[in-house]
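First the structure, in the form of structure tokens, and then the observations on it.
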Amino acid sequence: MPKRASHILAFVFVSLASVYLGFFAFTPETCKTLFRAFGYWNIAILFTAFVSALSIARWKRTKSQIGSRKTLVFAGCAILLSLFLYTREGGGFKIVFDEHLLANVARSLYYDQDPVIRESSLQNISWYEMVGKRPLLFPFLLSLAHHLTGYQVENAFYLNFFLTAIFLGLLYTLVRRISDRRAAAYSVAMACFMPLIAQNSSGGGFEILNLCGLLICTWLAIEYWRSPDEKTLTSLILGAALFSHVRYESAIVVIPVAALILASWLRDKKVTLPYSAFLAPLTFIPLAWQFSFVKAEPGFHQYSLPGESIFSLSYIPANLERAKNFLFVPSLDYAGSPLIGMAGIAGAIAALSFSLTRRKALYANRPDRLAAAVMSLCPAAQTALVLCFTYGQLDDILVSRLGLPLVLICLICGGLLIGKIHAIHRYGKIAAIAILVLTALWAFRSYAHALYSNENKLMRRIDFAIDFAHSLPKGNYLFISNMSQAFETEGLNNMNSRVAKLRLANIEKHMQLMTYKDVYVIQFGTIDWNEEGSEKRILANWHLGPNAVLETVAETSSFAHSFTRISRIEDIDLDPPANRMEQEATWGNPNDATNLERSINAAEYNAWRESLP
């Protein structure tokens, strides 16, 4: 058998074995155990392999440019523009709970290399652990930042600041590669005037990393298509594998990459399979374990409607209408920019038309353009998936971030179009500059509105509670709430309200042992109006029931007809009330499921002792 044929058969075998081991070989509970054991090390090895391969492939070309004046100016401009975007709203969590969960997993990776979401009633000793549904690349990078500086919540925002600088540099470099400097400058300028980019550049999410992954994979695809050899192929394969671990739909990048590799083999009549090709399928196994566990857990299906699928073609018409609002409607309620949306869609239509009617003139002797066109299918496919999603309404403040792949298409195509308009005639130059000025004026108006910061009432409630916790004198405190993830991210002892209702006996025992200096309860309630006036009422899922005696210490309101209250537990009375059956039906029996004891090892005990003031 020819050597090339045996290599292909071996690759097919490894790929099929990876699919079997990932999706079919183990039960969901075993998948969870295996993911916890190997998830961190898988992403660490893959990241190291990618950086090493990229360094080997690019070192000879870039070593003379490192430290040069041109490189330093370029990097300085990218950092300054990223700083401009960062300061539009400032560092902070923008998406409630989603970004806290990412930071929570990063904290677990930093301390224990265990990819889980935790809640801890004692610092560094968790009472609740759960595998999350988000891939690990962003939490892993955030854990590396913690290793460099020590653990601090702000590292998530600083990481996105640097990722934004990388994104802007990649955007300029890629557009200049397929067009010219003028188009590249317009693309970067529009990125700086896109409110959605600014909002995510200073947040704690993984959306900017996803854009960086799309651009890096596109750049590597261009390098491989132009010069197909083992080094460029290794970088491309490992890059596609690594950036498949950013978002749920990021693995789509494998499809255009595989198509480009197959086309290269057919064009050159030569099959090249480096060792990375055999490694890449194996790196998807932990991702499949995570997916298999999440799919089997009902708690992760919160986005599915009764009787409906999470993804369906029937959602497209309504989601397209909402996407139209996001792209074209001039409203401060949306994080978009109408001129960028119009220029981007017009540029995309023009690019598609020319690709169909003038492809020889467009792609002749331009392998970079052809490779970029193939890789553009990736953000297009991610956008299509969002439009098929239950909650794919891009004009919603919390969902708009899912439209960033579409925004990337608009930035590139819009930059190409405006660059061409600029070059047509003197009046074309005036028109292009006028479009950019109007875009900037709209952006600054939107930046002044600060959509996420001003309109995110839920985050105000969390900030109120966290600020209170940090204002307390040094000591060991326990915070009971339905926002445990925020407290865990801050390294504060925490417990979910629902669990606390059932474990009041344990809390009382720890209060008697003085494990905690004080136990605080954060509750959310509504203000009901009647003929006699107003009445405050704590919502049921935030209430500890009648057995906990609370003293109110702080209160604020973030919503109309609602309030957030912080109380200290003065006493816990476990004697059954007269109307016990009614109370248990409402709040749960405080004497049920009260066994909270478990053995801890010496490392956990020492970690707890070191956390004490």
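The values are calculated or read from the model by the stated rules, or taken from the named source; none is laboratory data. Fair warning: this is a prediction, and the values are worked out from it, not measured in the lab. All Cβ positions, glycine included, derive from the backbone under ideal geometry; neighbour counts span all protein chains shown. Protein only, heavy atoms only, side chains kept; ligands, DNA and RNA dropped before computing areas. Shrake-Rupley method; radii C 1.70, N 1.55, O 1.52, S 1.80 Å.
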Segment 167-189-segment 556-572 distance, computed between alpha-carbon centres (Å): 51 Å
What's the carbon and sulfur percent of segment 208-357's accessible surface, probe 1.4 angstrom, rounded to a whole number? 70 percent
Rounded to the nearest whole Å², what accessible area per residue is found for the chain with the 1.4 Å probe? 47 Å²
Positive-end extreme of charge dipole, segment 117-242 - chosen from N210, Q152, A191 (charges on Cβ): A191
Net dipole in debye of the chain [+1 Lys, Arg Cβ; -1 Asp, Glu Cβ; about Cα centre; nearest 20]: 4280 debye
If I compute Cα extents along the principal axes in Å from the structure I just sent, which labelled value in (i) 161, 67, 46; (ii) 130, 70, 35; (iii) 86, 64, 53 lines up? (iii)
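So what is the relative contact order of the chain, in percent, for Cα pairs below 8 Å that sit 6 or more residues apart?
16 percent
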Compute the helix-to-body angle for 28-62: its Cα long axis versus the longest principal axis of the chain, expressed 0 to 90° and rounded to tens. 40 degrees
Taking a ≥ b ≥ c as the square roots of the eigenvalues of the Cα gyration tensor, with a/c under 1.5 meaning rounded and otherwise prolate when a/b exceeds b/c and oblate if not, segment 216-358 is oblate
Over 25 Å apart: what share of the alpha carbon pairs of segment 121-251 falls there, rounded to a whole percent? 37 percent
Post the alpha-carbon centroid distance, segment 1-57 to segment 192-225, in whole angstrom. 25 Å
Where does the chain land at 222 nm, in deg cm²/dmol rounded to the nearest 500, when only DSSP H runs of n ≥ 4 count, each adding -39500 (n - 2.57), divided by all residues? -20000 deg cm²/dmol
Just to be sure I understand: of the beta bridges DSSP finds with both ends in the chain, what percent are antiparallel, rounded to 5? 75 percent
Excluding residues fewer than 8 positions from K270 in its own chain, the aspartates and glutamates with Cα under 20 Å of it are E223, D229, E230
List the lysines whose Cα sits under 24 Å from the Cα of K360, skipping any in the same chain fewer than 8 residues away. K269, K420
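Would you work out if segment 138-211 is rounded, prolate or oblate? Take a ≥ b ≥ c from the square roots of the eigenvalues of the alpha-carbon gyration tensor; rounded if a/c is under 1.5, else prolate when a/b is larger than b/c, oblate otherwise.
Prolate is the answer for segment 138-211, as a/c is 1.5 or above and a/b outweighs b/c.
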Cα gyration tensor, segment 291-450 - rounded (a/c under 1.5), prolate or oblate: oblate
With unit charges on the beta carbon (Lys/Arg positive, Asp/Glu negative), name the residue among S471, S276, G132 whose Cα is farthest towards the positive pole of the charge dipole of the chain. S276
At 37 °C in a medium of viscosity 0.692 mPa s, segment 318-373 has a Stokes-Einstein diffusion coefficient, with Rh taken as the Kirkwood radius over alpha carbon pairs, in µm² per second, of 250 µm²/s
Between segment 96-141 and segment 473-534, what is the C-alpha centre distance in whole Å? 21 Å
On C-alpha positions alone, give me the angle between the axis of helix 207-226 and the longest principal axis of the chain, in degrees, nearest 10. 20 degrees
If you add up the charges near R401, with Lys and Arg at +1 and Asp and Glu at -1, over every other residue whose beta carbon is less than 11 angstrom from its beta carbon, what do you get? -2
Normalising by the residue count of segment 484-577, find the relative contact order in percent from Cα pairs under 8 Å and 6+ residues apart. 28 percent
